[in-house]
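Heads up, the thing below is written out as structure tokens.
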Amino acid sequence: MVVHVLVFVLPNKGKEKRVGEVFEWLIKEVKEKEPDVHMYHVYNTQDHEKGMLDYVAYFRIKDETVFAQRPNLSHHREVARILKEEDLIREPLKYLKLENYGGWDR
């Protein structure tokens, strides 16, 4: 069963551009190396009051088993290393699996 996932990425102030660069690289890696990811989009949202730019990734992946294996893939290990070594995020990545409640597509 397809899994729908949101990932919240909250950059440290002043590190937003670098986080965006890491995402640009990761988007290409996922497309090339993860055929079981059906779609992958990254969005940003700006809190003008706080002057913060945050990112949200949304992707669909084949099933729970494939989803569970992702942290072991080399490009995800590399992202984890970069985020930590460069102190890029103010909170750990937050993954939220979505369950379909209803709706429609055009």
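Laboratory data are not the source of any read-out in this text; all were calculated from the coordinates shown. Note that this is a predicted model, so its numbers are computed, not measured. We place every Cβ from the backbone using ideal geometry, glycine too, and count neighbours over all the protein chains shown.
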Inspect region 94-102 for any residue being buried (at least 16 other Cβ atoms within 10 Å of the Cβ) and within 15 Å of the chain's Cα centre (by Cα) and give the result as yes or no.
no
Using the structure shown, decide if residue 31 is loosely packed, with under 14 Cβ neighbours inside 10 Å, out of contact with any helix residue (DSSP H, G or I) (no Cβ under 7 Å at 6 or more places or on another chain) and touching a residue at least 12 places away in the same chain (Cβ under 8 Å).
no
Run residue 97 past the list (1) in contact with a strand residue (DSSP E or B) (Cβ under 8 Å, 6 or more places away or on another chain); (2) more than 21 Å from residue 10 (Cα to Cα) and report the number of the one that doesn't hold.
(2)
Subset of region 81-106 (residues that are within 17 Å of residue 42 (Cβ to Cβ) and of a type outside the set (D, E, K, R)):
82, 83, 88, 89, 93, 95, 96, 98
Selection count, region 35-86, where residues are surrounded by 12 or more Cβ atoms within 10 Å (Cβ to Cβ), among the hydroxyl-bearing types (Ser, Thr, Tyr) and either touching a Leu at 6+ places or on another chain (Cβ under 6 Å) or closer than 24 Å to residue 1 by Cβ (or both)
2
